[in-house]
Amino acid sequence: MDDINSRIPFGYVQKSRGLKGELLVALRSTDIAIEKGIRVVWLGDDPDQANPWRVEYLRPQGAVAFLKLKDVKSREEADFLKGIAVFIAARDIVNNAPVKLLGYSVISENDHHLVGEIVDLDSTEIQQRLIIKSGDKIVEIPVVAEFIKAIDHEKRTVSVFLIDGLEG
């Protein structure tokens, strides 16, 4: 049995594609580099309740991925999966530890309040930044030891040190 804490939000099924049940998956982050030959993904709204599905192929391309599940044989079957979240195993991500934090809750070390949830990673600058959804705001926190104080993979939380102006 796999460890549910090792499941990373990959994206969600945007729509079916073609007649043989291929799925178009909108990616949660375009910074995810995955291993070739992924054999299993999990589908569901919650990683704790997601069900494993055998993969025929998974091909990321820009902001989307083409996913073919072995047990989905028609467009009609694929249509039932529209809108559902897709999770992958952390071990299937290639050398990018911050991406493995997608979906984690961020807690302020200053006063222990919930800052928000990590929804993306920005690698376009020299310094990677976690993109955190905090209510209706977006907060960006650099991935450096001065700000990232602790990571609890079991609880899926990241403790951060916030300075004035960092939280928006």
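The values are calculated or read from the model by the stated rules, or taken from the named source; none is laboratory data. Because the structure is a prediction, the values reported are computed rather than measured. Note that each Cβ is placed from the backbone with ideal geometry, even for glycine, and that neighbours are counted across all protein chains shown.
For the range 1-21, a tally of residues being in contact with a His (Cβ under 7 Å, 6 or more places away or on another chain) and either modelled with pLDDT of 90 or more or basic (Lys, Arg) (or both) returns 0. Residue 71 satisfies every condition listed in (1) of a type in the set (Asp, Glu); (2) farther than 22 Å from residue 130 by Cβ; (3) crowded, with 18+ Cβ neighbours inside 10 Å except (3). Quick test for you: out of 37, 116, 44, pick the one residue that is modelled with pLDDT under 95, closer than 28 Å to residue 139 by Cα and either surrounded by fewer than 17 Cβ atoms within 10 Å (Cβ to Cβ) or of a type in the set (S, T, N, Q) (or both). Residue meeting the stated conditions: 44. Look at (1) in contact with a Pro (Cβ under 9 Å, 6 or more places away or on another chain); (2) β-branched (Val, Ile, Thr); (3) surrounded by fewer than 18 Cβ atoms within 10 Å (Cβ to Cβ) and you find that residue 84 fails only one, number (1). Checking the structure you have, find out if any residue of the range 48-71 is within 12 Å of the chain's Cα centre (by Cα) and under 19 Å from residue 117 (Cα atoms). No, there is no match, as no residue in the range 48-71 is within 12 Å of the chain's Cα centre (by Cα) and under 19 Å from residue 117 (Cα atoms).
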